[in-house]
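A.B. asks: Got a structure for you, written out below as structure tokens; questions coming shortly.
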Amino acid sequence: MNRILKHYTTKAYFYKDLDELKFYMMAFVLYYNHQRKLKSLKYQPHFDIIMLEFERKKSNFNHHPNHMLLGLNNF
């Protein structure tokens with residue numbers, strides 16, 4: 001994860017200040033968790049696995065996973 005994070009953020013772009021770096025880091029982490037398909041998870045994103053587990057056994061969760069999302073596109 002750290003190698004991938006460095007490759008796509010700090011090594012790929014020049015940032016003017018720390019706020020700009022934080023913005024792009026958060027954007028990449030959201031992309032990684034919700035859209036990047038991983039071979040170890042049978043080519044599914046992290047969030048899809050979490051949602052499948054939530055549907056299977058809701059007692060393992062304190063909150064609905066969709067309520068923990070950042071941004072305007074919450075369900």
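Since every read-out is calculated from the coordinates, none of them should be taken as a lab result. Predicted model only: the values in this text are computed from it and were never measured. Because the Cβ atoms are built from the backbone with ideal geometry, glycine has one as well, and the counts that use them run over all protein chains shown.
A.B. asks: For Gln44, list long-range residues whose amide hydrogen, built 1.01 Å from N in the peptide plane, is under 5 Å from its own amide hydrogen.
C.D. replies: Leu38
A.B. asks: Taking 35 Å as R0, compute the FRET efficiency from the Cβ-Cβ separation of Lys6 and His64 and round it to 0.05.
C.D. replies: Details: r = 33 Å, r/R0 = 0.94.
Calculated value: 0.60.
A.B. asks: Would you mind telling me which residue in His46, His64, His34 has the biggest mean-square fluctuation in a Gaussian network model of the chain, where springs connect alpha carbons within a distance under 10 angstrom?
C.D. replies: Fluctuation is largest for His64.
A.B. asks: What percentages, rounded to whole numbers, describe P(r) for the chain computed over all alpha carbon pairs with 5 Å bin width beginning at zero?
C.D. replies: 3, 13, 20, 20, 18, 14, 8, 4, 1, 0
A.B. asks: Round to the nearest 10 and give me the degree value, 0 to 90, for the angle of helix 46-56's Cα axis relative to the longest principal axis of the chain.
C.D. replies: Approximately 10 degrees, to the nearest ten.
A.B. asks: List the aspartates and glutamates whose alpha-carbon lies under 16 Å from that of Lys39, not counting same-chain residues fewer than 8 positions away?
C.D. replies: Asp48
A.B. asks: Please identify, among Leu52, Leu18, Leu38, the residue showing maximal mean-square fluctuation in a Gaussian network model of the chain using a 10 angstrom Cα cutoff.
C.D. replies: The residue with the greatest mean-square fluctuation here is Leu18.
A.B. asks: Looking at the chain as a GNM with Cα springs under 10 Å, which of Phe28, Phe54, Phe14 has the largest mean-square fluctuation?
C.D. replies: In the Gaussian network model the winner is Phe14.
A.B. asks: If you put +1 on each Lys and Arg Cβ and -1 on each Asp and Glu Cβ, how big is the dipole of the chain around its Cα centre, in Debye rounded to 20? Please list the in-between numbers first.
C.D. replies: Working: 12 positive and 6 negative charges, 82 e Å.
Dipole magnitude for the chain comes out near 400 debye.
A.B. asks: Using helices alone, I'd like the mean residue ellipticity at 222 nm for the chain: each DSSP H run of four-plus residues gives -39500 (n - 2.57), total over residue count, nearest 500.
C.D. replies: Value at 222 nm, helices only, nearest 500: -13000 deg cm²/dmol.
A.B. asks: At 7 Å along the Cα-to-beta-carbon direction for both Phe28 and Tyr13, put a label point, then send me their distance in nm to one decimal.
C.D. replies: The two pseudo-label positions are separated by 0.9 nm.
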